1. Filtering segment 233-247 down to residues that are in contact with a Phe, Trp or Tyr (Cβ under 9 Å, 6 or more places away or on another chain) and not in a loop (DSSP other than H, G, I, E, B), which residue is farthest from the ligand (Cβ to nearest atom)?
2. Which of the following residues is within 16 Å of the ligand (Cβ to nearest atom) and over 22 Å from GLY275 (Cα atoms): THR110, THR132, THR38?
3. Do we find a residue being within 16 Å of the ligand (Cβ to nearest atom), closer than 20 Å to HIS102 by Cα, within 23 Å of the chain's Cα centre (by Cα) and in a loop (DSSP other than H, G, I, E, B) anywhere in segment 248-263?
4. Going by the structure shown, is ARG300 at pLDDT 95 or above and closer than 23 Å to LEU120 by Cβ?
5. Determine whether segment 299-306 contains at least one residue that is without any contact (Cβ under 8 Å) to a residue 12 or more places away in the chain, at positive phi and more than 16 Å from the ligand (Cβ to nearest atom).
6. So ALA144 clears everything in (1) surrounded by fewer than 23 Cβ atoms within 10 Å (Cβ to Cβ); (2) within 12 Å of the ligand (Cβ to nearest atom); (3) not polar (S, T, N, Q) except one condition, right? Which one?
7. LEU199 passes all but one of (1) more than 16 Å from the ligand (Cβ to nearest atom); (2) at positive phi; (3) of a type in the set (A, V, I, L, M, F, W, C); which number fails?
8. Please identify the pairs in which a residue from segment 21-50 that is in the same structural domain as LEU402 (by TED's automatic domain parsing) has its Cβ atom under 7 Å from the Cβ atom of a residue that is at pLDDT below 65, counting only partners at least 6 apart or on another chain.
Amino acid sequence: MTPGLPIATGSCGNLESGGCPSPRSTFSGSRIKQIRSTADLAIHGAPPAFDQPVHVGRPNLGDREAFLRYAGEIYDRRWLTNDGPLVRELERRLAEYLGVRHCVAMCNGTIALEIAIRALGLEGEVIVPSYTFIATAHALHWQAITPVFADIDPAIHTLDPDAVRRMITPKTSGIIGVHLWGRAAPVEALQAIADQHGLQLMFDAAHAFGCSHNGQMIGGFGRAEVFSFHATKSFNSLEGGAVVTNDGELAEAMRLMRNFGFAGFDNVIHPGTNGKMVEICAAMGLVNLDDFDNTVAINRRNHAVYRELLSEIPGISVRDYDHTERNNYHYIVVEVGPDFPVSRDRMVEALHAENILARRYFWPGCHRMKPYRDLFPHAGLLLPNTERIAERVLLLPNGSGLPDGAIAVIGEVMRVLANG
Ligand SMILES: *Cc1c(COP(=O)(O)O)cnc(C)c1O
């Protein structure tokens, strides 16, 4: 990739850096300028602040030697997949960490969602937010279940319980709440609605690993919660995911579904698919779990610096975390208000020109992506908060791979844009 060229979204066609070949194994770019006025901005022809792309969602990596030791064990055992010892150890440690009885590890978060949806017997219509990663909706649509989009609370970006109530029909079988940016969806209100209407409740907890709600770790709410351990998440297992639950029967059904329904040699007792996690992914999970407190400490420090630098700039805000809860501090969520002199999209352009690949998550909302726009062309009329927030939010890079100076550069770009 040519240094100096501003890079458009997804330089390798993938969403984030998780799948991109990086020219070097660690970031060795460095900032090459100060930004004091608009003339210093790369969108106005100045050289970019970084000569290599700075990604949102650059993977956090634990100890290399520990990972290689596990890789050696896998070689020695010749046990690569199919409920191997490292997968079992990871499941045991995750269940303990999250305070849940059962953890069923999967090959990724999307298959974990699909299997949980199937195990809960969801059908017909299921209420979900539109303001989420597309996989929440796809996991339903892929199984011929209609995702029905409910609006969010604009203050916290998670499902608005009143909006959920309005979307219930005789075909509704369940609700999937999303703990967006690691903040719990309104768990108690959604549970009350589910109980009142005889609906199943589960959560997409892909953002919320290591986060708590009312002091209880996320993972134990609803009938099941689903995590993603994708490379771009706060905790990763290369690719991976898990469903956690306190319901033993549900866990047993999901274990069968994840392995084609096999109950022993030559004996299939359940419909199923292939959702198995492989040993090398479990190895990365174990290494990263050991390092997770360190990752969170780095994220937390970065988040505090972002808050300090950007809070002085009128018209934008950096979403805070609830410091009475446990948080992973992974998501640096900026809202560009209507009074800011340039649009969110212009700000993203300005940052991309500096080689800082800020992202417009989750623009334009699932309901405006083609498969769902075709199904529900007028959904936006019922989703005013989703539409407004999706126009205003951008995500900034964080994590242990964040290069020195990146936060300062972002602060300078935004300050210059604020001053026109
Ligand atoms: C990442 C993500 C998923 C999908 O997880 P994968 O492991 O990438 O399949 C689902 N929902 C949300 C909210 C996510 O952020």
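1. Going through segment 233-247, the residues in contact with a Phe, Trp or Tyr (Cβ under 9 Å, 6 or more places away or on another chain) turn out to be 233-244.
Still in the list and also not in a loop (DSSP other than H, G, I, E, B): 241-244.
Numbers: GLY241: 5, ALA242: 10, VAL243: 12, VAL244: 15 Å.
Per the criteria, the residue is VAL244.
2. Details: THR110 fails: over 22 Å from GLY275 (Cα atoms); THR38 fails: within 16 Å of the ligand (Cβ to nearest atom).
THR132 is the lone residue from the list that is within 16 Å of the ligand (Cβ to nearest atom) and over 22 Å from GLY275 (Cα atoms).
3. There is no residue in segment 248-263 that is within 16 Å of the ligand (Cβ to nearest atom), closer than 20 Å to HIS102 by Cα, within 23 Å of the chain's Cα centre (by Cα) and in a loop (DSSP other than H, G, I, E, B).
4. Numbers: at pLDDT 95 or above: yes; closer than 23 Å to LEU120 by Cβ: no.
It is false that ARG300 is at pLDDT 95 or above and closer than 23 Å to LEU120 by Cβ.
5. So the first thing to find is which residues in segment 299-306 are without any contact (Cβ under 8 Å) to a residue 12 or more places away in the chain, and the list is 301, 304.
Subset that is at positive phi: none.
Checked against the condition, which is being without any contact (Cβ under 8 Å) to a residue 12 or more places away in the chain, at positive phi and more than 16 Å from the ligand (Cβ to nearest atom), segment 299-306 yields no hits at all.
6. (2)
7. (2)
8. ALA42/PRO6; PRO47/GLY4; PRO48/GLY4; PRO48/PRO6; PHE50/GLY29
The values are calculated or read from the model by the stated rules, or taken from the named source; none is laboratory data. Keep in mind that what you see is a predicted model, and the values were worked out from it rather than measured. Note: ideal-geometry Cβ built from the backbone for every residue, glycine included; neighbour counts use all protein chains shown.
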